[in-house]
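J.: One structure follows; several queries about it will come next.
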């Protein structure tokens, strides 16, 4: 992508109405634009990151047999009345149609997917089923001041699994837990499995917490066992497994897995016929990842005084080419020619490249490149005319090294 044609806008000053580091950087760097408290537009740079995160999630969930669908976000009132949550769900956005029918805007999708499951499931032969979606959610949050970490409108991946019994739910939940760790690792995050309250159907649910000083949650972590407990369920400050003292950490929750038991199956009469021709309630689990929240958490962890430092797999582009021109017109023409050749060679290798071809100062280009945070930077200047080598470095490194295009291609492939 030529930067002169790319639609984005950066700012030198931080937004005065934002408290969180992630929102300040993402707005300054042109990834998102604030509409209102807890409501953001995702600009081309931001959408590229969201797409990367979503594709990682899809790849890993598909490997374990999950199937993607897309559910409605407009929920009839009667579905929520069946579960008793129309009045009890405190962050529910409610709306009324011109005909007087009442609806909620989806904060979650149990009330929609269980009636669907009732139509899909007849016999024990139909089970298990694992269905997920990546979709927008709406919650009427009283406090939406943490950038992408707590929004009124946000993107979430929600997965629901349906089984014959509780043991099958717990077995699948463990598989999802392992898959979640892979997803977060690919996104560049160290997520800690954290025990939290399990509700009616299991002793614990699992939260996936990313340690950072910006975190809203307090967890207690065992370095030896590599697990943690949420503050709300903690009974001792020593690990329940090895008895070592736990470390108190601030963290951001980026995902959770939960055994629903038969609660929603009871509300919507979701049964299956077993081998003995008896009707039994379907057991279920739910598993969430906040996609936009995950993007915010990545920025909270990966940044410095100059801007964002994106992990490779979620970066909007992999390489940032910066062309530095001098005063000599003939030299500039040669440099532009060579820069375009390198640009197209990288594109032909299916490497995502942002090429800063703009006629602005080198200082402006470098400052903007640091702010946006693309992992690798190539600088093509007059030295390239002497030895056919350009300057190359990782965003987080200070020093450049001189390499050829052939060396670069080997390095990137490696």
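J.: Check 120, 131, 127, 116 and return the single one that is under 21 Å from the mean Cα position of the chain (by Cα) and over 30 Å from residue 212 (Cβ atoms). Break it down into steps so the answer makes sense when it comes.
T.: Values: 120 fails: under 21 Å from the mean Cα position of the chain (by Cα); 127 fails: under 21 Å from the mean Cα position of the chain (by Cα); 116 fails: under 21 Å from the mean Cα position of the chain (by Cα).
That would be 131, the only listed residue that is under 21 Å from the mean Cα position of the chain (by Cα) and over 30 Å from residue 212 (Cβ atoms).
J.: If a residue must be surrounded by fewer than 17 Cβ atoms within 10 Å (Cβ to Cβ), outside any helix (DSSP H, G or I), at negative phi and free of Cβ contacts under 8 Å to residues at least 60 places away in the same chain, how many such residues does region 311-351 contain?
T.: The total comes to 3.
J.: What number of residues within region 18-37 are assigned to a loop (DSSP other than H, G, I, E, B) and touching a helix residue (DSSP H, G or I) at 6+ places or on another chain (Cβ under 9 Å)? Talk me through it step by step, then tell me what you get.
T.: Going through region 18-37, the residues assigned to a loop (DSSP other than H, G, I, E, B) turn out to be 18-20, 29-31, 37.
Next, from what is left, pick out any that are touching a helix residue (DSSP H, G or I) at 6+ places or on another chain (Cβ under 9 Å): 18-20, 29-31.
Going through region 18-37 one residue at a time, the tally reaches 6.
J.: So is residue 190 out of contact with any strand residue (DSSP E or B) (no Cβ under 9 Å at 6 or more places or on another chain) and either touching a residue at least 40 places away in the same chain (Cβ under 8 Å) or in the same structural domain as residue 299 (by TED's automatic domain parsing) (or both) or not?
T.: no
J.: Scan region 95-108 and give yes if some residue there is under 23 Å from the mean Cα position of the chain (by Cα), in a helix (DSSP H, G or I) and under 16 Å from residue 157 (Cβ atoms), otherwise no.
T.: Let us first name the residues in region 95-108 that are under 23 Å from the mean Cα position of the chain (by Cα), namely 105-108.
Next, from what is left, pick out any that are in a helix (DSSP H, G or I): none.
There is no residue in region 95-108 that is under 23 Å from the mean Cα position of the chain (by Cα), in a helix (DSSP H, G or I) and under 16 Å from residue 157 (Cβ atoms).
J.: Right, another one. Restricted to region 161-198, and to residues that are buried (at least 21 other Cβ atoms within 10 Å of the Cβ) and assigned to a loop (DSSP other than H, G, I, E, B), which residue is farthest from the chain's Cα centre (by Cα)?
T.: 191
J.: Let me ask you something else. Is at least one residue of region 321-334 assigned by TED's automatic domain parsing to the domain that holds residue 398, modelled with pLDDT of 95 or more and under 30 Å from residue 40 (Cα atoms)?
T.: yes
J.: Test residue 58 against the criterion of being touching a residue at least 12 places away in the same chain (Cβ under 8 Å) and either in a strand (DSSP E or B) or under 27 Å from residue 182 (Cα atoms) (or both), and give yes or no.
T.: yes
J.: May I ask you to verify whether residue 243 is out of contact with any strand residue (DSSP E or B) (no Cβ under 6 Å at 6 or more places or on another chain) and part of a strand (DSSP E or B)? Let's see the steps before the verdict.
T.: On the way: out of contact with any strand residue (DSSP E or B) (no Cβ under 6 Å at 6 or more places or on another chain): yes; part of a strand (DSSP E or B): no.
For residue 243, the condition - out of contact with any strand residue (DSSP E or B) (no Cβ under 6 Å at 6 or more places or on another chain) and part of a strand (DSSP E or B) - is not met.
J.: For region 68-88, give me the residue count where each residue is surrounded by 11 or more Cβ atoms within 10 Å (Cβ to Cβ), out of contact with any strand residue (DSSP E or B) (no Cβ under 8 Å at 6 or more places or on another chain) and assigned to a loop (DSSP other than H, G, I, E, B).
T.: Total satisfying the criteria: 3.
J.: Right, here's the next one. For region 267-282, what are the residues that are over 20 Å from residue 112 (Cβ atoms) and touching a strand residue (DSSP E or B) at 6+ places or on another chain (Cβ under 7 Å)?
T.: Within region 267-282, the subset over 20 Å from residue 112 (Cβ atoms) is 273-280.
Correct list: 273, 274, 279, 280.
J.: State yes or no: is residue 232 in a strand (DSSP E or B) and farther than 30 Å from residue 78 by Cβ?
T.: Against the criterion (in a strand (DSSP E or B) and farther than 30 Å from residue 78 by Cβ), residue 232 does not qualify.
J.: Looking at 208, 258, 264 in this structure, which one is part of a strand (DSSP E or B) and under 22 Å from residue 117 (Cβ atoms)? Steps first, answer last, please.
T.: Working: 208 fails: under 22 Å from residue 117 (Cβ atoms); 264 fails: part of a strand (DSSP E or B).
Step by step, each of 208, 258, 264 is checked, and only 258 is part of a strand (DSSP E or B) and under 22 Å from residue 117 (Cβ atoms).
J.: Also, I was wondering about something else. Please enumerate the residues belonging to region 352-367 that are in contact (Cβ under 8 Å) with a residue 40 or more places away in the chain, under 17 Å from residue 326 (Cβ atoms) and outside any helix (DSSP H, G or I).
T.: Once the filter is applied, which keeps residues that are in contact (Cβ under 8 Å) with a residue 40 or more places away in the chain, under 17 Å from residue 326 (Cβ atoms) and outside any helix (DSSP H, G or I), region 352-367 yields 356, 357, 358.
J.: Would you confirm whether any residue within region 235-250 is in contact with a helix residue (DSSP H, G or I) (Cβ under 8 Å, 6 or more places away or on another chain) and modelled with pLDDT of 95 or more? Spell out the reasoning first.
T.: The initial filter retains those residues of region 235-250 that are in contact with a helix residue (DSSP H, G or I) (Cβ under 8 Å, 6 or more places away or on another chain), namely none.
So far as region 235-250 goes, no, none of its residues is in contact with a helix residue (DSSP H, G or I) (Cβ under 8 Å, 6 or more places away or on another chain) and modelled with pLDDT of 95 or more.
J.: Condition check: assigned by TED's automatic domain parsing to the domain that holds residue 108, assigned to a strand (DSSP E or B) and under 18 Å from the mean Cα position of the chain (by Cα). Does residue 215 satisfy that? Working first, answer last.
T.: On the way: assigned by TED's automatic domain parsing to the domain that holds residue 108: yes; assigned to a strand (DSSP E or B): no; under 18 Å from the mean Cα position of the chain (by Cα): yes.
In short, no.
J.: For residue 14, which of the numbered conditions (1) in a helix (DSSP H, G or I); (2) loosely packed, with under 14 Cβ neighbours inside 10 Å; (3) in contact with a helix residue (DSSP H, G or I) (Cβ under 9 Å, 6 or more places away or on another chain) fails to hold?
T.: Here residue 14 meets the rest and fails (1).
J.: Pull out all pairs, ordered by first then second residue, where Cβ-Cβ is under 7 Å, the residues are six or more apart or on different chains, the first lies in region 81-97 and is in the same structural domain as residue 109 (by TED's automatic domain parsing), and the second is assigned to a loop (DSSP other than H, G, I, E, B).
T.: These pairs meet every condition: 89/107; 91/107; 91/139; 91/140; 91/141; 92/107; 92/140; 93/140.
The values are calculated or read from the model by the stated rules, or taken from the named source; none is laboratory data. None of these values were measured; they are calculated from a predicted model. Cβ: placed from backbone, ideal geometry, glycine included. Neighbour counts: every protein chain shown.
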